[in-house]
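Colleague: Can you keep this structure in mind? I'll have questions shortly.
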Amino acid sequence: MEALSRVLAQATELTASDLKKNNAAIGAGFAYGLAAIGPGVGIGYVVGKAIESMARQPESAGMVRTTMFLGIAFTEALALIGFVVFILLGL
Amino acid sequence: MFALEFPPINEVIRWKDVFSSFNKVGIIACLAALIGVTVFLIAGRKDPMVAPKGVRNVAETGVEFIENQIVMQTIGEDGLGWTPFLLTLFVFIYLCNLPGIIPILQFPATARMALPLFMSVIVWLIYNGVGFKHHGLGYLKSSLFPPGVPKAMYLLVTPIEFISTFIVRPFSLAIRLFANMLAGHMLLVTFALLSNAMLFAETKQYMLKPMTILPVFMLVFLTTFEVLVGFLQAFIFTILTGVYIGQAKHPAH
Amino acid sequence: MHTATVAHLGAGGFRVVFSAEESTATVPAPGNTAEAAVPEKSGPSPIAPEKYELIWALGAFVVFALLMRLFLFPRLKKGMNARYGKIRSDHETAESTRAAAESEVAEYQSALASVKAEAAGRIDVARQTLETERTARIAEANARIAVRKAAAVAETDAAMAAARQSIEAAVGSVAERATELTLGKRPDPATVQRAVAEAMRSGVNS
């Protein structure tokens, strides 16, 4: 990352504060991108399993749906923390 | 080369004060409380013996939704006394989320940290209060030393339980709501700016302006999506509150 | 190079300004133009809660919650409970009315069945009486017919006997006269009579 920004700095002749800003922007991008991977997989798994159990037992669909939303909410928290870090760093 | 510059975030989410110390978040919060009070006031005035319709129907649907979907699912029969609090929470959050898609207002008040933070602090106080009221110091014991764990594992489990129950919970509750609404708002801002920029671009590329339909379509889609997100986040905040209160009340499960 | 600059106008929204310049050697570095357009970060961090927002929102929420808890919700809930109670009692009334109606229907059915059974019994009795009367009448008629038949048969027999007697007498006289003419001598009338009777019996019987 640093090498990248140094290359960028040489190419565009940026000052030190610009360099810092660019570092922050790149870091923010990585922060959000990486933070979204795990929750993405997790939410997919939660919803997939929920649909499977709803298909197996349609009569318990209401309970499964509620629990699914809870699971999504817990899983999603990680991605949202990544988003907050993204805002703190990047904008 | 075409460059769209995004405004600094404080310009997107902070608005000028209407008067000193009163800004759009204050307006939306006060409006939400006012609308909620008005709806329930009108609903309470109507004759309860005829079949409910209009405002009363809305209010009763809300009450039944909270009772059947949240209280009965999370706390149980003895938690029906929490219905008014949870109903207030749900209605307030939903009415604060909804301005995110209403023209002119166009901003969810919950996308500022203030609202989710104080609400999660209130929830934190309530569920700990319920725990201490029902179990005394046994609440600490049951939440910090969960039964069925080998003695040596308490070295590891107790700090984790402490952090997750007393520190992470309120923050995750607040940040979930805040970040969801803020992310939705940023998406809407991004596509609105993109549509604007494409439509009014001074360019010689004749294909650019007709292509504005794409971000506009995305904007419409995201707006409808935000309706769902606003409802879902209000529901999740409320049901998690119910879950926490239920866990404090019946720590066995 | 096209550059779009978005300026914020407070409560009024955004103004987007585009500058379309042909790329020349004098254009400054893109990073620097962006730097010039963006003002320094104004205001607090975007995720820090602001004091006045906190106070206003907390005030609104607390007022709403207290009103809801003390005043609005109990009233609504009381109305709902009253209506549900009324609906339930109405249901119960309807249920009991239905049960009463059903028992009445059952009563009527049983009454109807007993009446039907009685009617059937009466019909049976009447039919039986009729039957016996009929058989009695038939027997009587048969008896009368038999008596008459016997009388007729007796009459016929008598007539037949009388006829036979007269025929026998006639045949006897004829036979006697013929024998007298043939033999010149009167036969014994008893012999003639016996011969005629024999001949007639065999003739009639055969």
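Colleague: Would you confirm whether or not the range B:213-228 contains a residue that is at pLDDT 90 or above, open to solvent by 20 Å² or more (accessible area, probe 1.4 Å), under 23 Å from B:Pro103 (Cβ atoms) and within 14 Å of chain A (Cβ to nearest Cβ)?
Modeller: yes
Colleague: Can you run down the residue pairs with Cβ atoms below 6 Å, 6 or more apart or on separate chains, where the first is in the range B:47-70 and among the aliphatic types (A, V, I, L, M) and the partner is open to solvent by 70 Å² or more (accessible area, probe 1.4 Å)?
Modeller: Listed pairs, sorted by first residue: B:Val55/B:Ile42.
Colleague: Oh, and also: Can you pull out every residue in the range A:46-64 that is more than 10 Å from chain B (Cβ to nearest Cβ) and of a type outside the set (Gly, Ala, Ser)?
Modeller: Those that are more than 10 Å from chain B (Cβ to nearest Cβ) and of a type outside the set (Gly, Ala, Ser): A:Val46, A:Val47, A:Lys49, A:Ile51, A:Glu52, A:Met54, A:Arg56, A:Gln57, A:Pro58, A:Glu59, A:Val64.
Colleague: Checking C:Ser110 against (1) open to solvent by less than 80 Å² (accessible area, probe 1.4 Å); (2) within 30 Å of B:Ala51 (Cα to Cα), only one condition comes out false. Which one?
Modeller: So the condition that C:Ser110 fails would be (2).
Colleague: Give the residues of the range B:140-149 that are open to solvent by 80 Å² or more (accessible area, probe 1.4 Å) and either over 24 Å from B:Lys249 (Cβ atoms) or assigned to a helix (DSSP H, G or I) (or both), sorted by residue number.
Modeller: B:Lys141 - this is the single residue of the range B:140-149 that is open to solvent by 80 Å² or more (accessible area, probe 1.4 Å) and either over 24 Å from B:Lys249 (Cβ atoms) or assigned to a helix (DSSP H, G or I) (or both).
Colleague: Look through the range A:30-57, keep the residues that are open to solvent by less than 50 Å² (accessible area, probe 1.4 Å) and touching a Gly at 6+ places or on another chain (Cβ under 7 Å), and return whichever of them is modelled with the highest pLDDT.
Modeller: Looking at the filtered set, the residue picked out is A:Val46.
Colleague: Here is a follow-up. Where in the range B:1-112 are the helices (runs of 4 or more DSSP H), entirely inside, with at least 3 residues that are more than 7 Å from chain C (Cβ to nearest Cβ) and over 27 Å from B:Ile175 (Cα atoms)?
Modeller: In the range B:1-112, B:24-45, B:55-65 are the helices (runs of 4 or more DSSP H) which contain 3 or more residues that are more than 7 Å from chain C (Cβ to nearest Cβ) and over 27 Å from B:Ile175 (Cα atoms).
Colleague: Scan the range C:39-76 for residues that are more than 7 Å from every other protein chain (Cβ to nearest Cβ) and assigned to a helix (DSSP H, G or I) and report the count.
Modeller: Going through the range C:39-76 one residue at a time, the tally reaches 8.
Colleague: Name the pairs: first residue in the range B:170-187 and in contact (Cβ under 8 Å) with a residue 40 or more places away in the chain, second residue among the basic types (Lys, Arg), Cβ to Cβ under 8 Å, at least 6 apart or on different chains?
Modeller: From the range B:170-187, the pairs are B:Phe178/B:Arg112.
Colleague: Residues in the range B:190-201: is at least one in contact (Cβ under 8 Å) with a residue 24 or more places away in the chain, under 19 Å from C:Pro46 (Cβ atoms), crowded, with 17+ Cβ neighbours inside 10 Å and within 11 Å of chain A (Cβ to nearest Cβ)? Outline the logic, then answer.
Modeller: Just the residues of the range B:190-201 that are in contact (Cβ under 8 Å) with a residue 24 or more places away in the chain, to begin with: B:190-195, B:197, B:201.
Adding the requirement that they be under 19 Å from C:Pro46 (Cβ atoms) leaves B:190, B:192-193.
Now restrict to residues that are crowded, with 17+ Cβ neighbours inside 10 Å: B:190, B:192-193.
Right, trim to within 11 Å of chain A (Cβ to nearest Cβ) and you get none.
For the range B:190-201, residues in contact (Cβ under 8 Å) with a residue 24 or more places away in the chain, under 19 Å from C:Pro46 (Cβ atoms), crowded, with 17+ Cβ neighbours inside 10 Å and within 11 Å of chain A (Cβ to nearest Cβ): absent.
Colleague: Would you confirm whether any residue within the range A:15-23 is at pLDDT below 90, within 14 Å of chain C (Cβ to nearest Cβ) and more than 24 Å from A:Val85 (Cβ to Cβ)?
Modeller: Yes.
Residues checked against (1) more than 30 Å from B:Lys204 (Cβ to Cβ); (2) surrounded by fewer than 21 Cβ atoms within 10 Å (Cβ to Cβ); (3) modelled with pLDDT of 85 or more:
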{"position": "B:Glu5", "(1), (2), (3)": "no, yes, no"}
{"position": "B:Ile27", "(1), (2), (3)": "yes, yes, yes"}
{"position": "B:Cys30", "(1), (2), (3)": "yes, yes, yes"}
{"position": "B:Asp47", "(1), (2), (3)": "yes, yes, no"}
{"position": "B:Glu60", "(1), (2), (3)": "yes, yes, yes"}
{"position": "B:Leu86", "(1), (2), (3)": "yes, no, yes"}
{"position": "B:Val91", "(1), (2), (3)": "yes, no, yes"}
{"position": "B:Asn97", "(1), (2), (3)": "yes, no, yes"}
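The values are calculated or read from the model by the stated rules, or taken from the named source; none is laboratory data. No experiment lies behind these values; they were computed from the predicted model shown. We place every Cβ from the backbone using ideal geometry, glycine too, and count neighbours over all the protein chains shown. Keep in mind that these areas ignore ligands, DNA and RNA; they rest on the heavy atoms of the full protein, side chains included. Shrake-Rupley method; radii C 1.70, N 1.55, O 1.52, S 1.80 Å.
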